[in-house]
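To keep things clear, I will list the structure first and then write my remarks on it.
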Amino acid sequence: MTELDLILERFEQYADRLIMDYRDMPQYGQLSAVRNTAKIEILQNSKAVLKRIINEVKK
């Protein structure tokens, strides 16, 4: 496992924990729910982008 793989793994673990936290957060109205949904989408997209970048660097 390379250092890049470790970075990706740690980031994915961190992002997954945050996603779980945002899903478990109480919703205080529609705006709060929209914000939490947006944060989850950003984290999921960030994981995918980082994975693509690392795979390109490793080639």
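Between the C-alpha center of region 41-57 and that of region 2-21 there is a gap of 11 Å.
Where only DSSP H runs of four or more residues are counted, the chain gives -30500 deg cm²/dmol as its mean residue ellipticity at 222 nm, each run worth -39500 (n - 2.57). Full extension of the chain between Lys39 and Arg23 gives 4.8 nm of extra length, using 0.36 nm per residue less the Cα-Cα distance. For region 7-40, the residues whose backbone nitrogen is under 14 Å from a point 7 Å from the Cα of Ile54, taken along Cα to Cβ, are 7-16. Based on Cα contacts under 8 Å between residues 6+ apart, the chain shows a relative contact order of 48 percent.
We did not get these values from a lab; they are worked out from the coordinates using the rules stated. Every value quoted in this text rests on a predicted model; they were computed, and no experiment measured them. FYI the Cβ positions are ideal-geometry reconstructions off the backbone, even for glycines, and counts take in every protein chain you see.
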